[in-house]
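Presented below is the structure to which this report refers.
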Amino acid sequence: MYAVWALFVLGAAFSLTDVVRGHRRHEQRTADWPRVDAVVTGARAGWTSGVGNTTRRRRYWPTYQFTDSAGIPFTGESQVSDVQERAPGELLQVAYDPRNPAESFVVSSQERATLGCLVPFFIVFSAVSLWFVAHFPLP
């Protein structure tokens, strides 16, 4: 049973490490990109997958427009979905690549907060599951 627990923990730790590294790479890559206010122009609507017996929910990916330092307008779509549709005219903070302003990202702390909760949860879950495996062995 310890082997199954160890394989689960190793797999989950590898996956979590990969996600954290990808997030850090993205943050480092965009750290020196200019940040500007973008205006919401609409939204693309979609549904969650409903995986794991969860109810499918409506999600919205805001589309936005911003101008770069040269005053040229660019459009983009948020990579982070919202539960509620944002009203056209609302402001979003956007970071864009000065060499290629068509590449832009909505500045969001949602991923950082999720990772900040996920890592401690995984550590506690691993410790509790190890205790459970140690105290309730299979016959």
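None of the figures in this text is laboratory data; all of them are computed from the coordinates on show. Because the structure is a prediction, the values reported are computed rather than measured. Backbone-built Cβ (ideal geometry, glycine too); neighbour counts: all protein chains shown.
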Study note, to complete from the structure: Tilt, helix 110-135 to longest principal axis of the chain (alpha-carbon atoms), in degrees rounded to tens, equals 0 degrees
Check your understanding: Could you give the longest part of the chain that holds none of the trypsin sites (Lys or Arg not before Pro) found in DSSP loops with at most 13 neighbouring Cβ atoms within 10 Å?
Key -> 1-55
Point to revise | Nearest-0.05 FRET efficiency for D32 and Q93, computed from C-beta distance (R0 22 Å) | key: 0.90
Practice item. Report the full-extension gain for the segment E103 to L16: residue separation times 0.36 nm, less the Cα-Cα distance, to one decimal in nm. Key: 28.7 nm
Revision key, fill the gap. With 0.36 nm assigned to each residue of separation and the Cα-Cα distance removed, V51 to W5 gains 14.2 nm
Exercise for review: With a ≥ b ≥ c taken as the square roots of the eigenvalues of the C-alpha gyration tensor of segment 14-99, please select rounded if a/c is under 1.5 and otherwise prolate if a/b is larger than b/c or oblate if it is not?
Suggested key: oblate
Point to revise | Angle in degrees between helix 2-30 and the longest Cα principal axis of the chain, rounded to the nearest 10 | key: 20 degrees
Practice item. Go ahead and estimate [θ] at 222 nm for the chain from helices alone: -39,500 (n - 2.57) per DSSP H run with n ≥ 4, summed, over the residue count, rounded to 500. Key: -14000 deg cm²/dmol
Review point. When only DSSP loop residues count, what GluC sites (Glu not before Pro) in segment 29-121 have their Cβ near at most 14 other Cβ atoms within 10 Å?
Key: E90
Exercise for review: Report the extension gain between Q84 and L115 in nm, rounded to one decimal, defined as 0.36 nm multiplied by the number of residues separating them, less their alpha carbon distance.
Suggested key: 8.9 nm
**Study point:** Amide H within-cut-off set for D68, under 5 Å, with H built and near neighbours excluded
**Key:** F74
